[in-house]
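Have a look at the structure below, then the notes.
The values are calculated or read from the model by the stated rules, or taken from the named source; none is laboratory data. Here the structure is a predicted model, which is why all the values come from computation and not from measurement. So basically every Cβ, Gly included, is an ideal-geometry build from the backbone, and we count neighbours across all protein chains shown. Areas reflect the complete protein model, heavy atoms only, side chains present, ligands, DNA and RNA absent. Shrake-Rupley method; radii C 1.70, N 1.55, O 1.52, S 1.80 Å.
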Amino acid sequence: MRYAWLPCLKSPVPETLKRPLSVADHEARQVADGVCFAVDRDMGEGYKLEKAGDGYRITGGETGVLYGTYALVRALAAGDPLPEGVQKPFYPLRMIDCWDNMDGTVERGYAGRSLWFEGGEFRYDPARIRQLGRMLASVGINALCVNNVNVHAPAQQLIGWLLPDLAAFADILRPFGVRLMVSVDFSMPLQCGLDTADPLDSRVQAWWNARADAVYAAVPDLAGFLVKADSEHRPGPNAYGRDHAQGANMLARALKPHGGVLVWRAFVYNCMQDWRDHSIDRPCAAYNAYMPLDGRFDENVILQIKNGPYDFQVREPASPLFFGLRNTRTAIEYQLAQEYTGHQIDLYAMPPMWREVTDCIGKEAVQAIAAVSNLGRDENWFGHPFAALNLFAFGLFAWDPDSAPAALIGSWAKLTYALPADQEKTLADMLLGSRAVYEKYTSPLGLCWMVQPGLHYGPNPYGYEFDAWGTYNRADRNGVGIDRTAAGTGYACQYPKELADAYGDPARCPENLLLFFHRLPYTYRMKDGRTLIQRIYDDHFEGCEAAEAMRRDLQGLALPEPDRAEALERMDKQARNARNWRDVINTFFHRFSGIDDEKGRVIYD
Ligand code: GCW
C-alpha cells in the first residue's frame with residue numbers, strides 16, 4: 001500500500017492508538033524527538049506550533065493537536081517555516097462525499113472499487129481504513145459521507161439493521177477526527193411499513209425521530225444525513241405537494257436533539273426536458289427552486305450547492321445561489337472524482353478552479369465545503385498517482401480558502417516525490433497548467449456537454465443535443481451557444497447587477513464563458529481580433545500540442561516506480577484523447593461553419 005503524500009509516514013498506525021491525542025503523539029514521534037503537547041480543549045480544531053528547546057510544542061484542542069502534528073510534519077518535510085500564531089480552519093465542515101454503493105461499485109469512481117463496501121455489506125481491511133483516516137486527517141478533512149447520494153439497496157439499512165457495522169466503521173475513523181455522514185433515502189418510511197413519506201405527516205415525523213434516536217445511540221458523533229431529493233428520479237417531498245424546506249426541516253428536526261446537521265443537495269432540475277422546448281434552461285433551475293425558500297430552512301440545515309449551475313463541467317460560472325441566498329446556510333460542492341474532467345486518466349489539477357470560484361463569490365458566501373471523493377481501492381488510492389493532489393489540496397483549501405493554487409500544488413509535489421528542484425518545478429508547472437490544457441482540447445469558451453453520453457469521457461459534440469437532460473449547445477450553420485441574457489433565457493439576470501451586466505454583454509463577458517452566456521456567429525470577433533471559429537480551432541490545436549508537451553516533460557521526470565509507469569501509461573491515453581477531441585470538435589465546427597483554418601492545419605472531413 002502506498003501513501004499518496006508524506007512519504008515520511010509509511011509505517012502503519014498501531015492498533016492500540018484509539019484517541020486523537022495518541023495518534024498525534026505517534027505521528028509526532030516519527031518526525032521529531034522532543035515534541036510535546038498541550039491540550040487546550042477550548043481550541044477545538046485549532047492549534048499553535050512553537051519551537052520548544054530542541055523540539056517543538058503543539059498546543060491545541062484534541063483534534064487540534066492532531067492537525068498541528070500533521071502541519072508540523074508537513075513543514076519539516078518540506079523545509080517550510082512553521083505557521084505563525086493560532087491556526088484554525090475557515091470552514092467548520094470539510095467533507096468528502098463518497099458515492100460508494102454497497103455492491104462494491106463507486107458511481108463515477110475512477111480508482112477502483114469501494115474501499116469499504118463489497119457484496120452488499122461493509123467489507124474492508126481495517127488497517128487500510130486507518131490509513132485513510134490518517135490521510136484525511138493529515139489535510140484536515142473532518143467528515144466523510146459513507147454512501148452514494150443515489151441510495152441503492154441495501155444502503156437504506158445503514159440507518160437500520162446495518163447500524164452496528166456503521167458504528168464499527170465510525171470507530172476506526174473517529175481517532176482521526178473524521179465523523180461519518182450517511183446519505184438517506186427520503187422514501188424510507190414507505191419501505192418500513194408506513195403508507196406515506198409526507199414530511200408533514202406526524203407518523204412520518206415520529207418515524208424519523210425514532211430512527212435518528214437509534215442512529216445516534218449507535219454512532220453518537222454522526223455528522224448528520226445527506227439527501228438528494230426530487231433530483232434525477234430520487235424520491236422527495238414534491239411527491240406530496242411539499243416543498244424542499246418542509247422536507248429538509250422535517251429531517252433536520254429529527255437530527256437536532258443529537259447535534260446533527262441535515263445536508264440537502266440543491267441539484268434539482270428537470271431531467272425529462274424536451275430539447276425542442278427553448279423556454280426551459282437547466283442552469284436557471286436551482287435558483288428558481290431555492291430563492292423562494294431562502295430563510296425557511298432550520299438552522300441545522302445546510303443547502304449543498306454544486307459549484308456551477310450545471311453539473312461539474314470543465315468551465316461554468318459560479319452558481320448564482322451563492323450570491324442570492326442570504327438567510328440559508330450553504331455548502332459548496334466540488335467534484336474531485338474527474339467525471340467530466342478526464343476520469344483520472346487526463347491530468348486536471350483543480351485548485352485553480354476553486355480559487356476562481358472563491359474569488360468570484362467570496363469565501364464567506366458559504367459556511368461549509370464538500371467534495372465528491374476521488375478515492376477507490378486501487379493500490380495507489382486514486383487511479384492516477386497525481387490525482388492524489390486533488391484530495392490533498394482540497395483538504396488544505398477547505399482549511400484555508402486563501403491558499404494559492406501554486407503553493408498547494410508545489411507542496412504536494414515536494415511532499416510526495418523527492419525530485420531534483422528543476423524536475424519538481426516541471427511537475428508542479430505541469431499540474432498547475434493542466435486544467436487550462438484540458439479545457440483547450442475539450443469544450444471551448446464555456447460550451448458544456450460535448451462528451452460521450454453516460455460515460456463522460458471523450459468527445460461527442462451532439463451526444464447530448466437531442467436528449468432530455470437540458471444539455472444543449474444548439475450549434476448550427478449560423479453559430480453556436482445559448483443566449484442566456486435578458487433577451488434570451490434570462491439566466492444571466494440571476495446574478496447581482498454588476499455581474500449580470502458583465503455576463504450579459506458579449507464584449508465584457510469573460511471569454512472563457514462567452515458561449516455559456518451567448519449565442520454567436522462563427523465570424524464573431526474576439527478581443528484579440530481572431531474570429532470565434534478561429535479561436536475554437538486554435539484552442540484545440542494548442543491544447544493537443546500542450547498535451548504532447550506534457551508527455552515529453554513527464555518522460556524526463558525521475559519519478560519512483562510504479563508511479564512513473566502508471567503516470568506515463570495514462571499520459572499516453574491522455575495524448576490520444578486530446579487528439580481525438582481536437583479532430584472531432586474541429587471537424588464538427590468546420591462542417592457547420594464551412595470556414596477553413598486560417599493557418600491551414602489539417603481538419604479532417
Ligand atoms: O452528474 C451527475 C452524475 C451522477 C450523479 C449526479 C449527482 C450521484 O452523472 O452520476 O449521481 O450528477 O450529482 O447527483
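Do we find a residue being of a type in the set (Gly, Ala, Ser) and surrounded by fewer than 16 Cβ atoms within 10 Å (Cβ to Cβ) anywhere in region 126-147? Yes: region 126-147 contains one or more residues that are of a type in the set (Gly, Ala, Ser) and surrounded by fewer than 16 Cβ atoms within 10 Å (Cβ to Cβ). Report whether or not Gly463 is free of Cβ contacts under 8 Å to residues at least 40 places away in the same chain, away from the ligand (no atom under 14 Å from the Cβ), touching a strand residue (DSSP E or B) at 6+ places or on another chain (Cβ under 9 Å) and not charged (D, E, K, R). So Gly463 does not fit the description; no. The residues on offer are Asp171, Asp185, Asp195, Asp165, and the sole one that is open to solvent by 10 Å² or more (accessible area, probe 1.4 Å), within 16 Å of the ligand (Cβ to nearest atom) and either out of contact with any strand residue (DSSP E or B) (no Cβ under 7 Å at 6 or more places or on another chain) or in a helix (DSSP H, G or I) (or both) is Asp185. When region 431-451 is filtered for residues that are assigned to a loop (DSSP other than H, G, I, E, B) and within 21 Å of Arg276 (Cα to Cα), the ones remaining, listed by number, are Leu447, Cys448, Trp449, Met450. Does any residue of region 394-402 turn out to be touching a Gly at 6+ places or on another chain (Cβ under 6 Å), hydrophobic (A, V, I, L, M, F, W, C), open to solvent by 10 Å² or more (accessible area, probe 1.4 Å) and assigned by TED's automatic domain parsing to the domain that holds Arg282? Yes: one or more hits. Does Ala245 qualify as being buried (at least 23 other Cβ atoms within 10 Å of the Cβ), over 30 Å from Asp171 (Cβ atoms) and more than 23 Å from the chain's Cα centre (by Cα)? Against the criterion (buried (at least 23 other Cβ atoms within 10 Å of the Cβ), over 30 Å from Asp171 (Cβ atoms) and more than 23 Å from the chain's Cα centre (by Cα)), Ala245 qualifies. Within region 584-600, track down each residue that is under 21 Å from Val451 (Cα atoms) and either hydrophobic (A, V, I, L, M, F, W, C) or open to solvent by less than 60 Å² (accessible area, probe 1.4 Å) (or both). Passing the criteria: Val584, Ile585, Asn586, Thr587, Phe588, Phe589, His590, Phe592, Ser593. For Glu333, the conditions (1) open to solvent by less than 10 Å² (accessible area, probe 1.4 Å); (2) over 22 Å from Cys284 (Cβ atoms); (3) of a type outside the set (Ser, Thr, Tyr) are fulfilled apart from (2). Of everything in region 230-271 that is part of a loop (DSSP other than H, G, I, E, B) and away from the ligand (no atom under 15 Å from the Cβ), the residue that is farthest from Val301 (Cα to Cα) is Gly241. Residues in region 403-437 that are open to solvent by less than 20 Å² (accessible area, probe 1.4 Å) and of a type in the set (D, E, K, R): 1 in all. All conditions in (1) touching a Ser or Thr at 6+ places or on another chain (Cβ under 9 Å); (2) crowded, with 19+ Cβ neighbours inside 10 Å hold for Glu50, with the sole exception of (2).
For the structure I just gave you, tell me whether Val151 is within 24 Å of Thr105 (Cβ to Cβ), within 16 Å of the ligand (Cβ to nearest atom) and assigned by TED's automatic domain parsing to the domain that holds Lys306. Judged against the criteria, Val151 is a match. Which members of region 66-111 meet the condition of being free of Cβ contacts under 8 Å to residues at least 24 places away in the same chain and either within 30 Å of Asp346 (Cα to Cα) or within 16 Å of the ligand (Cβ to nearest atom) (or both)? Result: Gly104, Thr105.
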